[in-house]
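Accompanying notes for the structure given below.
The values are calculated or read from the model by the stated rules, or taken from the named source; none is laboratory data. What you are looking at is a predicted structure, and each value in this text was computed from that prediction instead of being measured. Neighbour counts are summed over all protein chains in view; Cβ atoms, including those assigned to glycine, are modelled from backbone coordinates with ideal geometry.
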Amino acid sequence: MNGVFLDLYKHNLWANQKLLDVCDALPDEVLDAQAKGTYGTVRDTLVHLVSAEAGYVRRIARRGEPENPLREGTFPGVAELKQRAQTSGEELIALAAKTTANETVVVDDDGQKLNIRLSTYFAQAINHGTEHRAHVCTILTQQGIEPPKSRRLGILGNGGANRSSLPAVAQIGVT
């Protein structure tokens with residue numbers, strides 16, 4: 001996969017970490033808040049976002065079920081979610097870097113065998129992450145909390161002057 005597309009996955013990892021950083025400081029009442037039209041509470045949405053990304057990675061890499069999967073309805077804490085999102089995000093980048101053919105993965109969906117192309121999982125990882133980060137940002141806004149900014153697009157060169165926590169790729173809304 002070329003560098004343009006790799007930057008999408010690097011940005012996805014950065015955006016997940018940025019949102020989790022904001023959520024790490026939130027009180028329980030905000031983590032338990034929800035809004036119409038969103039997935040659920042902030043907690044449930046974050047678990048779903050991180051769990052689903054790990055699932056896409058697992059399917060792309062053709063791995064079985066993990067030993068200790070995240071279970072929706074449980075909340076291991078933001079620190080655990082950050083670690084898992086970092087791992088799955090880095091794996092997604094590595095898989096995107098080494099994927100050269102749009103192979104088909106055979107998936108068992110309640111006894112039905114489905115043939116799904118790798119591009120479907122790569123696209124879904126980006127779409128799904130974007131959608132659920134937006135859900136959390138909607139809830140935060142309705143709670144009077146400013147979510148991570150996403151209005152400006154800046155391109156970082158190597159080094160990224162005082163933004164060392166970001167990859168040297170397109171970044172959104174860093175002030």
Please determine whether any residue of region 3-18 is outside any loop (DSSP other than H, G, I, E, B), touching a Leu at 6+ places or on another chain (Cβ under 6 Å) and of a type in the set (D, E, K, R).
no
Ala33 touching a residue at least 60 places away in the same chain (Cβ under 8 Å), more than 20 Å from Phe122 (Cβ to Cβ) and aliphatic (A, V, I, L, M)
yes
Picking from Gly111, Gly37, Gly77, the residue that is at positive phi, of a type outside the set (S, T, N, Q) and touching a His at 6+ places or on another chain (Cβ under 9 Å) would be Gly37
Taking region 108-125 and keeping only residues that are in contact with a helix residue (DSSP H, G or I) (Cβ under 9 Å, 6 or more places away or on another chain), surrounded by fewer than 18 Cβ atoms within 10 Å (Cβ to Cβ) and closer than 30 Å to Gln34 by Cβ, one is left with Gln124
Give me the pairs: first residue in region 39-65 and closer than 19 Å to Glu29 by Cα and assigned to a loop (DSSP other than H, G, I, E, B), second residue modelled with pLDDT of 95 or more and among the β-branched types (Val, Ile, Thr), beta-carbon distance under 9 Å, and six or more apart or on different chains, which are they?
Tyr39/Thr45; Tyr39/Val136; Thr41/Ile139
Going through region 101-143 one residue at a time, which ones are over 30 Å from Asp24 (Cβ atoms), free of Cβ contacts under 8 Å to residues at least 12 places away in the same chain and β-branched (Val, Ile, Thr)?
Val106, Thr120
Give the residue that is surrounded by the most Cβ atoms within 10 Å (Cβ to Cβ), with candidates limited to residues of region 80-104 that are hydroxyl-bearing (Ser, Thr, Tyr) and in a helix (DSSP H, G or I).
Ser88
Quick check: anything in region 63-79 at pLDDT below 95, closer than 30 Å to Gly3 by Cβ and out of contact with any helix residue (DSSP H, G or I) (no Cβ under 9 Å at 6 or more places or on another chain)?
no
Could you list all residues from region 113-132 that are in contact with a Lys or Arg (Cβ under 9 Å, 6 or more places away or on another chain) and either within 22 Å of Thr45 (Cα to Cα) or part of a helix (DSSP H, G or I) (or both)?
Leu118, Tyr121
